[in-house]
Amino acid sequence: MFSYIRGTLADIDDNVVTVENNGIGYGISTSMNTIRQLPAIGSEVKLNTKLIPKEDSLTLYGFFEKEELKMFELLLCVSGIGPKGALAILGNMTVSDIQFAVAGGDAKAFAAAPGVGKKTAERIIIDLKDKVDIIGAFEAKITSDLSGSKKAAPSTSVKEEVLEALVALGYSPSNAARALDKMTITESTTTEQLLSDTLKQMSFL
């Protein structure tokens, strides 16, 4: 019914934001990931939305990025996961974190979200195993790293080589990506140096 809502950010209250458009304030439930990306109150904002009807209510959910909305919809397809649980996961993990965790079978990553138990975490991996794009996730993470870094960034091939090496050594893609995120990397960083430093970081995860 609503693809998105664009208006003035009027209020933020826990996991609900109010966006005013043409004199109407829309209460939109969202994740902490989206809240962390919102501009200051009074600024214009656009949220990609999904309306979920119930017998006694209509709840509007909105997300800063389309990718997060799509992941929210995927999580809702998992048995035992409702909107509240999906928001809890998205508040604890980014979209790429979820993709890596599913690809790597990392149930602990999902179980760390409030209200998500071991069985539900395992069910998420089973149900989404064929629905996530691990290559796209890694490319998105690299793009984010490059655009957000103030330092000169290395070529994507260095990170790709290290990720492949870590997976070949038996580490899950999610843990490998998490360790790589903690690395300080410059244009002069070699694959061998990055692999060595990342392996040291892995011992602390």
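Annotations
- When region 16-42 is limited to residues that are farther than 25 Å from K70 by Cβ and touching a residue at least 24 places away in the same chain (Cβ under 8 Å), the one that is farthest from the chain's Cα centre (by Cα) turns out to be G42.
- Counted as qualifying within region 15-63 are no strands (runs of 3 or more DSSP E), as none has 3 or more residues that are at pLDDT 95 or above and at positive phi.
- Considering region 187-202, and only residues there that are modelled with pLDDT under 80 and open to solvent by less than 90 Å² (accessible area, probe 1.4 Å), the residue that is farthest from L166 (Cα to Cα) turns out to be Q201.
- Number of positions in region 101-116 that are open to solvent by 40 Å² or more (accessible area, probe 1.4 Å) and in a helix (DSSP H, G or I): 2
- Of all residues in region 153-163, those being at pLDDT 80 or above, closer than 25 Å to F110 by Cα and surrounded by fewer than 20 Cβ atoms within 10 Å (Cβ to Cβ) number 0.
- Taken over region 158-205, the criterion of being of a type in the set (D, E) and either closer than 20 Å to D97 by Cα or assigned to a helix (DSSP H, G or I) (or both) is satisfied by E160, E161, E164, D181, E192, D197.
- Scanning region 73-80 for any residue that is touching an Asp or Glu at 6+ places or on another chain (Cβ under 6 Å), surrounded by 12 or more Cβ atoms within 10 Å (Cβ to Cβ) and within 27 Å of D127 (Cα to Cα) turns up at least one such residue.
- Checked against (1) out of contact with any helix residue (DSSP H, G or I) (no Cβ under 7 Å at 6 or more places or on another chain); (2) closer than 30 Å to R123 by Cβ; (3) surrounded by fewer than 20 Cβ atoms within 10 Å (Cβ to Cβ), I41 meets all criteria but (2).
- Residues that are at pLDDT 90 or above and either among the acidic types (D, E) or within 14 Å of the chain's Cα centre (by Cα) (or both) within region 114-150 comprise E122, D127, listed in sequence order.
- Test: residue in region 169-177 that is at pLDDT 80 or above, on the phi > 0 side of the Ramachandran plot and not hydrophobic (A, V, I, L, M, F, W, C): no
The values are calculated or read from the model by the stated rules, or taken from the named source; none is laboratory data. No experiment lies behind these values; they were computed from the predicted model shown. Every residue, glycine among them, receives a Cβ derived from its backbone with ideal geometry; neighbour counts consider all protein chains shown. For the accessible areas, the whole protein counts, side chains as well, though only heavy atoms, and no ligand, DNA or RNA atoms are used. Shrake-Rupley method; radii C 1.70, N 1.55, O 1.52, S 1.80 Å.
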